[in-house]
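*Asks:* The structure is given below, and queries will be raised subsequently.
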Amino acid sequence: MKVITKELSYRTKGNTDIIELSADLERLLSKQEIESGLVTVFVVGSTAGITTIEYESGLVEDFQKMFERLIPQNTRYAHNDRWHDGNGYAHVRASLLGSSCLIPLVDHKLCLGTWQQVILVDFDNRPRERKIIVQIMGEE
């Protein structure tokens with residue numbers, strides 16, 4: 001078994017900004033020695049998350065609104081009381097979504113459904129530079 005670790009970087013707007021990663025991941029994976037195995041996509045930081053979704057404007061809007069209904073920005077968070085940075089909601093949202101996604105890799109391609117894309121969601125209350133770690137494990 002071989003393990004390859006790569007890094008991608010994205011500039012985000014914050015405020016539940018959603019960035020589609022699948023095309024960049026496919027380009028990166030097509031150049032690697034590992035043909036089949038597992039790919040972990042992990043965002044560094046505690047106010048962003050990674051998942052899969054059908055990346056189309058209606059669902060993106062629905063996804064953003066769902067987080068506001070479940071974990072509203074304008075409510076009291078103990079984190080904000082302590083740190084005064086106003087992003088307590090972002091930490092809670094990110095922990096609910098999760099920081100990584102594990103995807104099978106076959107013939108240098110992610111095993112995603114027709115309408116399934118990998119996304120980065122930045123919940124923070126300001127623009128950020130987000131680092132994505134892509135770890136590929138498998139056989140050549």
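Values in this text are rule-based calculations from the coordinates and carry no lab data. Bear in mind the structure is a predicted one, so any value in this text is a computation, not a measurement. Virtual Cβ from ideal backbone geometry, glycine too; neighbours counted across all protein chains shown.
*Asks:* From the list S9, S46, which residue is in contact (Cβ under 8 Å) with a residue 40 or more places away in the chain, under 28 Å from E139 (Cα atoms) and hydroxyl-bearing (S, T, Y)?
*Replies:* Going through S9, S46 in turn, just one is in contact (Cβ under 8 Å) with a residue 40 or more places away in the chain, under 28 Å from E139 (Cα atoms) and hydroxyl-bearing (S, T, Y): S9.
*Asks:* If you scan the stretch 18-66, which residues turn out to be surrounded by fewer than 18 Cβ atoms within 10 Å (Cβ to Cβ) and hydroxyl-bearing (S, T, Y)?
*Replies:* The answer is S22, S30, S36, T40, S46, T51, S57.
*Asks:* Looking at (1) under 30 Å from K6 (Cα atoms); (2) surrounded by 15 or more Cβ atoms within 10 Å (Cβ to Cβ), can you tell me which one G113 breaks?
*Replies:* Only one criterion is unmet by G113, namely (2).
*Asks:* I need every pair where a residue in the stretch 53-79 that is within 12 Å of T16 (Cα to Cα) has its Cβ under 6 Å from the Cβ of a residue that is aliphatic (A, V, I, L, M), sequence separation at least 6 or different chains.
*Replies:* Listed by first residue and then by second, the contacts come to V60/I18; I71/V92.
*Asks:* Scan the stretch 67-99 for residues that are of a type in the set (S, T, N, Q) and surrounded by 15 or more Cβ atoms within 10 Å (Cβ to Cβ) and report the count.
*Replies:* 4
*Asks:* Whether any residue in the stretch 122-133 is in contact with a Gly (Cβ under 8 Å, 6 or more places away or on another chain), more than 15 Å from L21 (Cβ to Cβ), of a type in the set (A, V, I, L, M, F, W, C) and assigned to a loop (DSSP other than H, G, I, E, B) is what I want to check.
*Replies:* The answer is yes; a qualifying residue exists.
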